[in-house]
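Everything on this sheet refers to the single structure shown next.
The values are calculated or read from the model by the stated rules, or taken from the named source; none is laboratory data. These numbers come from a predicted model, not from an experiment. In this analysis, Cβ positions are derived from the backbone assuming ideal geometry, glycine residues included, and neighbour counts consider all displayed protein chains. For accessibility, only protein heavy atoms count, side chains too; no ligands or nucleic acids. Shrake-Rupley method; radii C 1.70, N 1.55, O 1.52, S 1.80 Å.
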Amino acid sequence: MKLKLLFAAIVFTSANANAQLATLNETFESAVVSTPANYNNLVNGWTKKVNAPSPHNIYVDQSNGNKYVNFYSAGSLAADVFLISPQIMAPDGTKQLSFTATRLEGFATMEVGLVDHPESLVANSGVPASYQVLQTYTFTGTNTPVVTPFTVPASSNQYIVFRYRNPQPLFPGSTMSHAVLSIDNVIYDTAGNLSVTEKSKESNEIRFAVNSENTALQFLGKDSPKSVEIYSAGGLKVAAGTVDYNRFSISTLQTGVYYILIETKDGKTQKSKFIKK
């Protein structure tokens, strides 16, 4: 299929970190990950506040071609650190925030909030009065929260904050912690742009949805596509093939945002995106 040339047209461009942004769509794929790890490799205006002795509390990691932000307790039970977005326009209550969160090691708490100035946040020193909590998620051995899009209320605070805190001991009685949590695919936009698939602009476009088990794309209508190619947010082809009985398996894909190129039976090409939760 001659589909690769179309892929560049559907990957979102990086936002200008020097301006107040109306929306965010951050996959962290433009970060340069070095060996040994570069712990200051945040991109596109994202910043962090971490412990001075432990600069690697927050860093961009890479696994199977996908990059994401790691929160790491760095051995400390007192870890309380912040990942901060670029400056956004003052929220007016019309946009939603979505992201993917994965517990990799240990247990901890993550808060999502708003703050007026990044300078007012100091790692391991609590939060200022301007800090506004929006959501709290607790990751334990028996609880893996389902993160769903939520509306960001109207506020004068113009920075989104992910706060990582309360890591649990490595084992009962231990004074050390080895908790790790990843964040990826941060999208701040109108509700319509957070949907699983883009709205079809033409009635004859092929429509699809992720099934309830998050294991397959289910194509709707009488005509099934001839073939599909699926790419990660970083541009890597992660799946390709034909569609059987209007169904294409995505069971091997990790959670995240993906782009899909669909070739119809009459040789036309259609592009879209979806989120695997």
(request) Keeping all protein chains in place, calculate the accessible area per residue for the chain (probe 1.4 angstrom), answer in Å². (result) 49 Å²
(request) Tell me which label goes with the value of Cα extents along the principal axes in Å computed from the coordinates here: (i) 62, 50, 38; (ii) 61, 41, 34; (iii) 72, 38, 25. (result) (ii)
(request) Could you size up the charge dipole of the chain around its Cα centre, putting +1 on the beta carbon of Lys and Arg and -1 on that of Asp and Glu, and report it in debye to the nearest 20? (result) 560 debye
(message) Expected output is a single nm value to one decimal: the length gained when fully extending between D116 and T144, i.e. 0.36 nm times separation in residues minus the C-alpha distance. What is it?
(response) 7.1 nm
(message) How large a share of the accessible area of the chain, in percent, is made up of carbon and sulfur atoms when the probe is 1.4 Å and the other protein chains stay in place?
(response) 51 percent
(request) With only Lys, Arg, Asp and Glu charged, each at its Cβ (+1 for the first two, -1 for the last two), find how big the charge dipole of region 203-277 is about the Cα centre; round to the nearest 20 debye. (result) 120 debye
(request) Might you report the magnitude of the Cβ-based charge dipole of region 48-144 about its Cα centre, with Lys and Arg at +1 and Asp and Glu at -1, to the nearest 20 debye? (result) 180 debye
(request) Step through the table entries K95/K276; K67/K265; K49/K237, compare each Cα-Cα distance with 24 Å, and write down the pairs that go over it. (result) K67/K265; K49/K237
(message) Multiplying the sequence separation of K277 and K237 by 0.36 nm and subtracting their Cα-Cα distance, what value in nm do you get?
(response) 12.5 nm
(message) Could you work out [θ]222 nm for the chain from helices alone, using -39500 (n - 2.57) per DSSP H run of at least four and dividing by all its residues? Round to the nearest 500 deg cm²/dmol.
(response) 0 deg cm²/dmol
(message) Suppose the chain between A209 and A154 were pulled fully straight at 0.36 nm per residue; how much longer would it get relative to their current alpha carbon spacing?
(response) 16.7 nm
